[in-house]
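To start, the structure under review is shown below, and the notes come after it.
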Amino acid sequence: GLVLTRQGAMLARRLRLALAELRSGLDDLAELKGQESGRIVVGAMPLSRARLLPRAIARFRADFPRVHINVHEGSHAELVGPLRDGEVDMMIGALRDRSIGQDLDQRPLFEDRPTILARAGHPLAKGWDAAALRRFPWILPPEGAPLRRLWQHMFEALGGDLPQVPIECGSVMTIRELLVGGDYLTMLSVDQLALELDAGLVADIGPAPGAISRTIGLTTRADWRPTRLQQRFMAAVEAEVGDLNS
């Protein structure tokens, strides 16, 4: 088959970025004419989907009801390419190490402290220690994900071998069903399973021991110049962070 050369791939990316900038320019022109229109494309990583992003969208659309919001769900690895190509305006979720590239700008929003979750009535619901955490299988994101690294740091601090991780999964819906149906453990933000916790389907058996936290924030292209509407959307996200943490 035929594949693009490295130079061809670079040209294709520049063309996609040019189209994205043209669309933003047309949105700015429409706004100058008093026409409230446009489209904002948000890359939603797992943690942002539960509360932060839906509330930020509702807040933004209360002021700008004619602006379309497109939400692309995925992991960091799935969304960072479209972000660089201009197909996604911004990503919301756990920030990565600065080594991801100088072409990306990361804006911290808040620190999230994960907790250990299991089904209601799990044997560890009444108490546990480090040895007990190793007796049960875990469901975690794949290697390289920030949450997986935090989990590894937690057990390195506790000492001893890492427990078994027979299921690698980044879907909260799938994790929820697996938790309810077995004696698995996982580590997530409380926000990600808030409804299930309130309904008594799963139990928060305790915060992850040690200094375990991850930074949640906005990721954009370093050379990106947002339109006024895109700036207002990011302001709505930051305002929701303030409300959630108050």
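The values are calculated or read from the model by the stated rules, or taken from the named source; none is laboratory data. Remember, predicted model here, so these are calculated numbers, not experimental data. Cβ: placed from backbone, ideal geometry, glycine included. Neighbour counts: every protein chain shown. Ligands, DNA and RNA are excluded from the accessible area calculation, which covers all protein heavy atoms including side chains. Shrake-Rupley method; radii C 1.70, N 1.55, O 1.52, S 1.80 Å.
Quick notes on this one:
- Cleavage-rule hits, trypsin sites (Lys or Arg not before Pro), region 50-155, DSSP coil, Cβ neighbours within 10 Å at most 11: ARG66, LYS126
- To put it simply, the accessible area of the chain at a 1.4 Å probe is 53 percent carbon and sulfur.
- Shape index of region 115-212: Rg/Rh, with Rg the Cα radius of gyration and Rh the Kirkwood radius from the inverse mean 1/r over Cα pairs, equals 0.92.
- Dipole-positive endmost among ALA211, GLY144, LEU162 within region 115-212 (Cβ charges, Cα centre): LEU162
- For region 115-212, the antiparallel share of DSSP beta bridges with both residues in that region comes to about 65%.
- Each residue was assigned an accessible area with a 1.4 Å probe, and for ASP204 the value is about 70 Å².
- Accessible area of THR5 in the full protein assembly, 1.4 Å probe (Å², nearest 10): 80 Å²
- Spatial extent of region 51-149: Rg and Dmax, with the Cα atoms as the point set, Å: 18.4, 55
- The alpha carbon centroids of region 1-22 and region 225-246 are separated by 31 Å.
- Bridges between two residues of the chain, per DSSP, are antiparallel at a rate of about 60%.
- Compared with the dominant principal axis of the Cα atoms in the chain, helix 228-245 is inclined by about 20°.
- Computed from Cα atoms, the angle from the helix 172-181 axis to the main principal axis of the chain rounds to 20 degrees.
- The chain - accessible surface per residue (Å², probe 1.4 Å): 53 Å²
- nm² value of the averaged projected area, convex hull over the Cα atoms of the chain: 16.4 nm²
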